[in-house]
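Working notes, structure below.
Nothing in this text is a laboratory measurement; each read-out follows from the coordinates by a stated rule. Source: prediction; values computed, not measured. No Cβ is skipped: glycine too gets one built from the backbone with ideal geometry, and neighbour counts run over all protein chains shown.
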Amino acid sequence: AVGGGVEKRGALIVLEGLDRSGKSSQCRALASFLRGRGQAVEEWRFPDRTTAIGQMISSYLSETSELDDAAIHLLFSANRWEKKNLMESTLRAGTSLVVDRYSYSGVAFSAAKGLDFQWCKTPEKGLPAADLVLYLDIQPEVAARRGEYGVERYEKVEFQTRVASHYQAMRDSTWQIVDADQTVDEVQQVLREAAQNVIDTCKSGRELLR
Ligand code: DGP
Ligand code: NA
Ligand code: NA
């Protein structure tokens with residue numbers, strides 16, 4: 001579906017990847033680099049654990065609560081929907097968003113539990129579409145050797161391997177696969193270039209898609 005004519009706006013840039021792929025620190029570095037260049041950029045993340053829904057998700061992830069797989073799937077999605085209007089108005093105001101995880105995580109992690117892949121995609125339909133997805137590509141075994149692995153619910157090699165295969169099934173033309181098994185600076189360099197390009201494209205006018 002089309003979100004209305006071509007407009008000058010900010011870019012929706014999403015970072016995706018397995019747990020411990022280095023997303024969160026790369027997101028932070030990327031957003032601060034772009035801001036340093038004078039770009040209007042905000043750094044966001046999903047799940048947003050600060051909302052009421054986000055707190056339910058957070059307690060589920062830390063295994064202090066149990067929830068049906070479909071129920072938690074819909075909560076993760078609702079956590080994105082509750083930010084939809086703000087996301088769109090921010091983009092339309094010309095500010096780009098660098099987002100740590102989005103709908104792709106929603107589908108990949110839930111499908112990895114055995115929920116139907118197509119069913120998992122349904123509640124994501126209608127959210128703003130990413131202009132660029134930077135996928136930090138890392139072998140689950142390599143990620144597992146990084147710090148703090150295993151603290152939260154999904155951080156197990158077998159599970160992450162299934163997550164990776166579902167991510168692969170969602171690759172499209174907005175995706176750029178980035179080898180995350182390089183130095184932090186090397187990865188960051190690739191992200192900066194790709195992000196700057198898509199910001200320039202959106203700045204000169206691009207439809208906001210859903
Ligand atoms: P993070 O805060 O980025 O470390 O994410 C927490 C965990 O939740 C991580 O294992 C990935 C998983 N996750 C993130 N978004 C979703 C989602 O929408 N659905 C499901 N099922 N899991 C998600
Ligand atoms: Na995590
Ligand atoms: Na993270």
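How big is the equivalent ellipsoid of the stretch 126-179 along its three axes, where each semi-axis is √(5λ) from the Cα gyration tensor, reported in whole Å from largest to smallest? Could you put the intermediate results ahead of the total?
On the way: eigenvalues 113, 32, 24 Å².
Gyration-tensor ellipsoid for the stretch 126-179: 24, 13, 11 Å.
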- Query: Quick one: helix 52-61 against the long Cα principal axis of the chain, what's the angle to the nearest 10°, folded into 0 to 90?
  - Reply: 50 degrees
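Would you work out the relative contact order for the stretch 14-104, in percent, from Cα pairs under 8 angstrom that are 6 or more residues apart?
Values: 93 pairs, mean separation 44.3, N = 91.
This gives 49 percent for the stretch 14-104.
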- What residues have an amide H closer than 5 Å to that of Gly94, excluding those fewer than 5 places away on the same chain, when H is modeled at 1.01 Å from N in the peptide plane? Gly10
- Acute angle (nearest 10 degrees) that the helix 157-168 long axis makes with the longest principal axis of the chain, alpha-carbon atoms: 40 degrees
- Tell me, what ³J(HN,Hα) does each residue in the stretch 86-102 have, in order and in whole Hz, if you take phi through Karplus 6.51 cos²θ - 1.76 cosθ + 1.60 with θ = phi - 60° and put x for Gly and Pro? 5, 4, 5, 5, 5, 4, 5, 6, x, 8, 8, 10, 9, 10, 7, 6, 7
- Task: With the cut-off at 17 Å, report for the stretch 66-210 the share of all Cα pairs above it, as a whole percent.
- Result: 66 percent
- Task: Work out from phi, with θ = phi - 60° and the Karplus expression 6.51 cos²θ - 1.76 cosθ + 1.60, the ³J(HN,Hα) of each residue of the stretch 115-120, listed in order in whole Hz, and give x for Gly and Pro.
- Result: 5, 4, 4, 5, 4, 4
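Which of the pairs Lys84/Lys113; Lys23/Lys125; Lys84/Lys125; Lys84/Lys121 have their Cα atoms more than 20 Å apart in this structure? Show your work: numbers first, answer last.
On the way: Lys84/Lys113 26 Å; Lys23/Lys125 24 Å; Lys84/Lys125 12 Å; Lys84/Lys121 16 Å.
From the list (Lys84/Lys113; Lys23/Lys125; Lys84/Lys125; Lys84/Lys121), the Cα-Cα distance tops 20 Å for Lys84/Lys113; Lys23/Lys125.
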- Karplus ³J(HN,Hα) for the stretch 7-15 (6.51 cos²θ - 1.76 cosθ + 1.60, θ = phi - 60°; Hz, whole; x = Gly/Pro) runs 9, 7, 7, x, 9, 9, 10, 10, 9
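Antiparallel DSSP bridges in the chain: what percent, to the nearest 5? List each step's numbers first, then the result.
Details: 3 of 22 bridges.
If I count the DSSP bridges inside the chain, around 15 percent turn out antiparallel.
Of all chymotrypsin sites (Phe, Trp or Tyr not before Pro) in the stretch 133-195, which ones are in loop regions per DSSP and have a Cβ with at most 10 other Cβ atoms within 10 Å? Intermediate results must be reported in sequence, preceding the final value.
On the way: sites: Tyr135, Tyr149, Tyr154, Phe159, Tyr167, Trp175; in loops: Tyr149, Tyr154.
Qualifying residues, ordered by number: none.
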- Task: Taking amide H positions as placed in the peptide plane 1.01 Å from N, state which residues far from Glu7 in sequence (5 or more) or on other chains have amide H under 5 Å from it.
- Result: Arg206, Glu207, Leu208
- When the chain is treated as a Gaussian network with springs between alpha carbons less than 10 Å apart, the largest mean-square fluctuation among Ser65, Ser21, Ser32 is found at Ser65
- Amide H neighbours of Trp44 at under 5 Å, excluding residues fewer than 5 places away on the same chain, with H built from the backbone geometry, are Val98, Val99, Asp100
- Message: Connecting C-alpha atoms closer than 10 Å in a GNM of the chain, tell me which of Gly36, Gly54, Gly94 has the biggest fluctuation.
- Response: Gly36
